Structure formats: structure tokens, C-alpha cells
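Colleague: Just dropping this structure here.
The values are calculated or read from the model by the stated rules, or taken from the named source; none is laboratory data. Predicted model only: the values in this text are computed from it and were never measured. Quick reminder, even Gly has a Cβ in these numbers, built from the backbone with ideal geometry, and neighbours come from all protein chains shown. Accessible surface areas use protein heavy atoms only, side chains included; no ligands, DNA or RNA. Shrake-Rupley method; radii C 1.70, N 1.55, O 1.52, S 1.80 Å.
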Amino acid sequence: MTNLDQFLQEAKCLLVDDQETNLDLLSRILKRRGYCHIYQTQDPTRVVPMVKTLAPDIILLDLHMPEMDGFEVMAALRPVIPPTTFLPILVLTADMRSESKQRALAEGARDFLVKPFDPIEVALRVKNLLETRMLYLDLSAQNAVLEQKVRERTKELEAAKQEILRLITRW
């Protein structure tokens, strides 16, 4: 099993749609592809708390819902998700207007699909977004290791500099 296969199998997917039938369909599509950790809600006001507790790897989000639409959900997520974090949002909507698509992408969505959607296309787009997330997380981890090595090396160099200065002043 490759790192990607393992990551995909362990990925947490958060599905947000006010229609239970859409949630069931998306859940079945993802389960058939081997995704095991699927969380869902019909209540868009629960998304921010769920993101805080679940730390999902991807969000599949409907745009038009009562009480709070997908645009408002993305706006509410902005302060919760650090700008340096890549948490992909895949918008799924029956709204075919280009303005909606452009706005969703401008508001933070990483991809956009129009309902009714092709299950294979949904699965492929989810896989692509999750692969990008995995690569981003790997890169972030490597950067953290490199930053720690730079801090350690800088500390060593500073100590060596201090020792050289001490020896020079003794002469």
C-alpha cells in the first residue's frame, strides 16, 4: 500500500448538504472508493464546530441551504482554518450560473461540481484534492524538520562564535 492509498483510506471527509438523499449518495460513492471516515451534517451551522473537532481532510459542501448557505459556511470557516493550511472544499450545487461558480472559487472552494453529478467524477475530484492535501501536509512536515535543523545549526554556530570570541579575548 502506498502512502497515498493509506492517506486516502484514513482521510476524514465532511459532507454538508441539507438534503439527506444527497448525503446518502455522496457517502455511498466515497465508501465504494474505500473512504472509511465519512461524517455528514444537514445543518450548516454545525460545520465550524465539526471542523474544529474532526479536523477533516476535505469538505464537500452544498451551496444553497436554508439558514446558512455554502458561501456563509466558507466565510465562517476562514477564521478557523489558518491561511497556511490547505483544507480543500469541493462545492456541489445545482446552481449552474457562472457567477456562483466564480464566487465559490473566490470564497475558498478548491473545486466545483454541478448536480446532478457523475459519481466517478466526484470520486476522482475528491481523490485529486486529497492527494494535493497529502502532498501539502508532507511538505509542511518536511519544512518543520528543516526549520528545526536550521535552529539547531544556528545555535551550534552561535556557540562556536562565542567560543572563538572567548579564545581571541584571552590572547
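Colleague: For each pair in K12/K127; K31/K127; K52/K127; K31/K115, compute the distance between the two Cα atoms and list the pairs where it is over 21 Å. Intermediate values should be presented prior to the final figure.
Modeller: On the way: K12/K127 12 Å; K31/K127 13 Å; K52/K127 23 Å; K31/K115 19 Å.
Correct reply: K52/K127.
Colleague: Additional query: May I ask you to list the aspartates and glutamates whose Cα is less than 13 Å away from that of K101, ignoring any residue fewer than eight positions away on the same chain?
Modeller: List returned: D62, D111.
Colleague: Measure nothing fancy, just the Cα-based angle from helix 119-170's long axis to the longest principal axis of the chain, in degrees from 0 to 90, nearest 10.
Modeller: Value to nearest ten degrees: 10.
Colleague: As an exercise, use a Förster radius of 45 Å and the Cβ-Cβ distance of T85 and K161 to find the FRET efficiency, rounded to the nearest 0.05. List each step's numbers first, then the result.
Modeller: Working: r = 37 Å, r/R0 = 0.82.
The pair T85/K161 has a calculated efficiency of 0.75.
Colleague: Sort K52, K115, K127 by heavy-atom solvent-accessible area, probe 1.4 angstrom, most to least.
Modeller: These residues rank, largest area first, as K52, K127, K115.
Colleague: Excluding T45 itself, what net charge comes from residues whose Cβ is under 12 Å from its Cβ, given Lys and Arg +1 and Asp and Glu -1?
Modeller: -4
Colleague: Applying the Karplus parametrisation 6.51 cos²θ - 1.76 cosθ + 1.60 with θ = phi - 60° to the phi angles of the stretch 59-67, what ³J(HN,Hα) value in whole Hz is obtained for each residue in order, glycine and proline being reported as x?
Modeller: With coefficients 6.51, -1.76 and 1.60, one gets 10, 9, 10, 6, 8, 9, 9, x, 6 Hz.
Colleague: Related question: Where a ≥ b ≥ c are the square roots of the eigenvalues of the C-alpha gyration tensor, would you call the stretch 14-63 rounded, which needs a/c under 1.5, or, failing that, prolate if a/b is larger than b/c, or oblate?
Modeller: Values: a/c = 2.41, a/b = 1.21, b/c = 1.99.
Here the stretch 14-63 falls in the oblate category.
Colleague: Can I ask one more? For a test of the definition: using alpha carbon positions, the gyration tensor, and the 1.5 limit on a/c, classify the stretch 1-98 as rounded, prolate or oblate.
Modeller: Oblate.
Colleague: Report the FRET efficiency, 1/(1 + (r/R0)^6), for E152 and D5, where r is their Cβ-Cβ distance and R0 is 35 Å, rounded to 0.05.
Modeller: On the way: r = 34 Å, r/R0 = 0.97.
It comes to 0.55.
Colleague: Name the shape class, rounded, prolate or oblate, that the alpha-carbon gyration tensor gives for the stretch 81-171, where a ≥ b ≥ c are the square roots of its eigenvalues, rounded holds for a/c under 1.5, and otherwise prolate holds if a/b is larger than b/c and oblate otherwise.
Modeller: Because a/c hits 1.5 or more and a/b exceeds b/c, the stretch 81-171 counts as prolate.
Colleague: Rounded to the nearest 500, what is the 222 nm mean residue ellipticity of the chain from helices alone, with -39500 (n - 2.57) per DSSP H run of 4+ residues and division by all residues?
Modeller: Value at 222 nm, helices only: -19500 deg cm²/dmol.
Colleague: Once amide H atoms are built 1.01 Å from N in the peptide plane, which residues 5 or more positions from K12, or in another chain, come under 5 Å H to H?
Modeller: So K12 has HN proximity to D57, I58.
Colleague: Counting only C-alpha contacts under 8 Å and six or more residues apart, can you give the relative contact order of the chain as a whole percent?
Modeller: Taking the mean separation of contacting Cα pairs over the length of the chain, I get 20 percent.
Colleague: Still on this structure: Checking a compactness column here: for the chain, what do you get for Rg(Cα) / (2.2 N^0.38 Å), N being the number of residues? Could the numbers behind the result be given before it?
Modeller: On the way: Rg = 22.1 Å, N = 171, 2.2 N^0.38 = 15.5 Å.
That ratio works out to 1.42.
Colleague: Let me ask another. For helix 20-32, report the angle its Cα long axis makes with the longest principal axis of the Cα atoms of the chain; keep it between 0 and 90° and round to the nearest 10°.
Modeller: That helix lies at roughly 60 degrees to the long axis.
Colleague: Please give the solvent-accessible surface of I120 in Å², to the nearest 10, using a probe radius of 1.4 Å with every protein chain present.
Modeller: Accessible area, nearest 10 Å²: 100 Å².
Colleague: For K149, which lysines qualify as cross-link partners when the Cα separation must be under 21 Å and same-chain residues fewer than eight apart are set aside?
Modeller: The reachable lysines, counting only those whose Cα sits under 21 Å from K149, are K161.
Colleague: From the phi angles alone, apply the Karplus equation (6.51, -1.76, 1.60; θ = phi - 60°) to the stretch 45-58 and give each ³J(HN,Hα) in whole Hz, x where the residue is Gly or Pro.
Modeller: Karplus values, whole Hz, x for Gly and Pro: 6, 8, 4, 4, x, 5, 5, 5, 8, 8, 6, x, 8, 7.
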